[in-house]
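Below you'll find the structure, written out as structure tokens, and then a few comments.
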Amino acid sequence: MGLDMYAYVATRPDQSREFWESASPNEAGDMVSATVAKPREIAYWRKHSSLHGWFRQEWKALGKSGSFNGDELEITWVMLERLEDAILERKLPETTGSFFGSNADEEYREQDLEFVRNARAELFLGLKVFYNSSW
């Protein structure tokens, strides 16, 4: 077990949850839903605890509470600007947890910056970008 983290593109909030609740495997083994389009994953991280901590801070700044496990966060242009600054300035918050692993900021640095670029492109196209995680 460990911290699995995802960023994905969807047209609306809760689309991912609705897809997985209604999906079943087709003959080829791919998960499909007759009612909801599958969100498109644009990033995946494993045990990148400080990035998760950064997203958790954003979530709490929106007035949300709880463990931030399995909770969807819509990512905005302003968030991406703050995230890019935090990555470039090496100021992601030190974050710990039972399943989070050790600090992986340097290993993920280039992938994090690529995520910011890709997420901006999706927002520019008028799509929505979300973050979610599970441990």
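Could you count how many residues in the stretch 1-23 are buried (at least 18 other Cβ atoms within 10 Å of the Cβ), under 19 Å from L125 (Cβ atoms) and either touching a helix residue (DSSP H, G or I) at 6+ places or on another chain (Cβ under 9 Å) or charged (D, E, K, R) (or both)?
Number satisfying all stated conditions: 4.
Among the listed residues W59, W54, which satisfies the condition of being at negative phi and touching a Pro at 6+ places or on another chain (Cβ under 8 Å)?
W54 is the lone residue from the list that is at negative phi and touching a Pro at 6+ places or on another chain (Cβ under 8 Å).
Please go through the stretch 45-93 and pick out each residue that is assigned to a loop (DSSP other than H, G, I, E, B) and among the β-branched types (V, I, T).
Once the filter is applied, which keeps residues that are assigned to a loop (DSSP other than H, G, I, E, B) and among the β-branched types (V, I, T), the stretch 45-93 yields only T76.
List pairs: first residue in the stretch 68-92 and modelled with pLDDT of 95 or more, second residue assigned to a loop (DSSP other than H, G, I, E, B) and surrounded by 12 or more Cβ atoms within 10 Å (Cβ to Cβ) anywhere in the structure, Cβ distance under 6 angstrom, at least six positions apart or on different chains.
Within 6 Å, the pairs are A86/L92.
Each row is one residue, and each column tells you yes or no for (1) touching a residue at least 40 places away in the same chain (Cβ under 8 Å); (2) surrounded by 11 or more Cβ atoms within 10 Å (Cβ to Cβ); (3) under 24 Å from R117 (Cβ atoms); (4) touching a Phe, Trp or Tyr at 6+ places or on another chain (Cβ under 9 Å).
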| site | (1), (2), (3), (4) |
| --- | --- |
| P25 | no, no, no, no |
| K47 | yes, yes, yes, yes |
| G53 | yes, yes, yes, yes |
| Q57 | no, yes, yes, no |
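Could you list, in sequence order, all residues of the stretch 27-36 that are part of a loop (DSSP other than H, G, I, E, B), among the aliphatic types (A, V, I, L, M) and surrounded by 12 or more Cβ atoms within 10 Å (Cβ to Cβ)?
Selection gives V36 alone.
Could you tell me which residue of the stretch 93-132 is nearest to P13 (Cα to Cα), considering only residues that are in contact with a helix residue (DSSP H, G or I) (Cβ under 8 Å, 6 or more places away or on another chain), without any contact (Cβ under 8 Å) to a residue 40 or more places away in the chain and exposed (fewer than 15 other Cβ atoms within 10 Å of the Cβ)?
L113
So I42 passes all but one of these: (1) within 19 Å of E18 (Cα to Cα); (2) β-branched (V, I, T); (3) modelled with pLDDT under 95. Which condition number does it fail?
For I42, the exception is condition (3).
The values are calculated or read from the model by the stated rules, or taken from the named source; none is laboratory data. The structure displayed is predicted, hence computed values, not measured ones. Neighbour counts are summed over all protein chains in view; Cβ atoms, including those assigned to glycine, are modelled from backbone coordinates with ideal geometry.
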